[in-house]
1. Condition test on Arg259, is it farther than 30 Å from Ile97 by Cα and either in contact with a strand residue (DSSP E or B) (Cβ under 9 Å, 6 or more places away or on another chain) or among the hydroxyl-bearing types (Ser, Thr, Tyr) (or both)?
2. Here are some residues: Asp325, Asp262. Which one is more than 28 Å from Gly367 (Cβ to Cβ), modelled with pLDDT of 95 or more, of a type in the set (Asp, Glu) and outside the structural domain of Leu20 (by TED's automatic domain parsing)?
3. Can you say whether Leu85 is at negative phi, among the aliphatic types (A, V, I, L, M), within 22 Å of the chain's Cα centre (by Cα) and assigned by TED's automatic domain parsing to the domain that holds Phe289, as far as the supplied structure shows?
4. Which members of the range 274-298 meet the condition of being closer than 21 Å to Val204 by Cβ and either surrounded by fewer than 20 Cβ atoms within 10 Å (Cβ to Cβ) or among the aromatic types (Phe, Trp, Tyr) (or both)?
5. Working only within the range 1-36, note down all residues that are in a loop (DSSP other than H, G, I, E, B), more than 19 Å from the chain's Cα centre (by Cα) and surrounded by fewer than 24 Cβ atoms within 10 Å (Cβ to Cβ).
6. Give the residue that is farthest from the chain's Cα centre (by Cα), with candidates limited to residues of the range 369-403 that are loosely packed, with under 10 Cβ neighbours inside 10 Å and assigned to a loop (DSSP other than H, G, I, E, B).
7. Out of Ile197, Ile206, report the one residue that is crowded, with 20+ Cβ neighbours inside 10 Å, closer than 22 Å to Trp152 by Cβ, in contact with a Phe, Trp or Tyr (Cβ under 6 Å, 6 or more places away or on another chain) and touching a residue at least 12 places away in the same chain (Cβ under 8 Å).
8. Right, Val332: surrounded by fewer than 17 Cβ atoms within 10 Å (Cβ to Cβ), hydrophobic (A, V, I, L, M, F, W, C) and touching a residue at least 12 places away in the same chain (Cβ under 8 Å) or not?
Amino acid sequence: MTALPGALILGADSAIGLTLVRELGQHGVPVHAVMREGGIAGASRFCTTAQRRPDGPLSLWLPGMIALTGARAVFAISETDLVELAKLPARIGDCHILTPRAEPLGRTLDKSRTLAIAADAGLRVPRSWQPRAGDDFSARAAVEDYPLVAKWSNPPDVIPLLERAGLEWIKAEYVRSPQELLALIERYRPIGRWPLIQQYCRGVGIGQMLHMESGRATLHFQHRRLHEWPPEGGVSTLCQAEPPDRHQVQMLLSETLLRALDWEGPAMVEYRHEPGTGHYWLMEVNGRFWGSLPLALHCGAHFAWENYRRTVLGHNAPAPRPRHDLRARYMVPETKRLVRLWLARGRIRDPFFRARPLRDLVSYILGCFDPRMRYYVFMLSDPRPWARDLIQMARKAVRLGKR
């Protein structure tokens, strides 16, 4: 059997990067993980080499690393890396840069542009207001319907400004009154930029994942978010696959939206679904590999492999149909969520969040014995990343204890 060309994965430090290493490695692709020292993916049996990430811009060291490893494909995890890679050619020699190009990436990173394109494509989008210098903030705050959610429209663009001003980047902040909205606006006045203010959308989180090629989806998968960290919205810590006969109309709309965005490769379209009304509210298009990717891996929805085999190998046979009977959980943040429900419930900002600590404790314990349950990091056939993760957490706890 002919050996497959290798792949570079930038940012293999996280559970997402580990998932890409495992997915491609299971298909026989030599995987070269590029990461900071101690990254968990470097311990995986599917990792061919673990490369320390050099300092400086990607453009200075990536061509040399491609030459060193002989890689024919480059994948990346973080939005910062995606932005840098979008400025490079789609190929460096014989190596395919399997990340979004600048224009489609820019449209997905800017939530305001995404929402406008989605509305034109027929999707339901939340009512939004982008505050700008010169607006009558007091008048607007007085007529808004509360609660609201504040999200930055383009995080990679604003995070450096926040860091220079000593301000924290908050992914999603809930606003329950005119006074809270005006206080938020005042907080960010020093940088002259403000988050997008959106209506609060009730419901459960639905993620629809598609691999796009020339305007059509070649692979579909979807899941429902059961838990998040922080509890009011953030990283998915417990999720379950949804059968393909559910949300079918919305899946077609997701494909329509990605086609309108001129998207190529993997993406996840995120919604809030209200079962009572049947409404699906678009939250965002995640143009990078997403946090719940381990569930897709366990179910056989292999998005990195789909991108690799079609682009690098030229294989266009239909992808196998994924399973839809599994769950996956991210144990460390899932445990932190449970602790907050029991010990710090008052810190949960979502006004409609229903805390059920006893029920969630029982579910947490029973989940350990659920044959449907899989894990973001732990894998019986590849246990070393989990062991490395535990060792690093123990060392961190010892360091904190000595302070």
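1. Spelling it out, it is not the case that Arg259 is farther than 30 Å from Ile97 by Cα and either in contact with a strand residue (DSSP E or B) (Cβ under 9 Å, 6 or more places away or on another chain) or among the hydroxyl-bearing types (Ser, Thr, Tyr) (or both).
2. Of Asp325, Asp262, the one residue that is more than 28 Å from Gly367 (Cβ to Cβ), modelled with pLDDT of 95 or more, of a type in the set (Asp, Glu) and outside the structural domain of Leu20 (by TED's automatic domain parsing) is Asp262.
3. No.
4. Glu274, Pro275, Gly276, Thr277, Gly278, His279, Tyr280, Trp281, Glu284, Asn286, Trp290 - these are the residues of the range 274-298 that are closer than 21 Å to Val204 by Cβ and either surrounded by fewer than 20 Cβ atoms within 10 Å (Cβ to Cβ) or among the aromatic types (Phe, Trp, Tyr) (or both).
5. To start, the set of residues in the range 1-36 that are in a loop (DSSP other than H, G, I, E, B) comprises 1-5, 11-14, 27-30, 36.
Among the residues that remain, those that are also more than 19 Å from the chain's Cα centre (by Cα) are: 1-5, 27-30, 36.
The answer is Met1, Thr2, Ala3, Leu4, Pro5, His27, Gly28, Pro30, Arg36.
6. Checking each candidate, the answer is Arg403.
7. Values: Ile206 fails: closer than 22 Å to Trp152 by Cβ.
It is Ile197.
8. yes
The values are calculated or read from the model by the stated rules, or taken from the named source; none is laboratory data. These numbers come from a predicted model, not from an experiment. Every residue, glycine among them, receives a Cβ derived from its backbone with ideal geometry; neighbour counts consider all protein chains shown.
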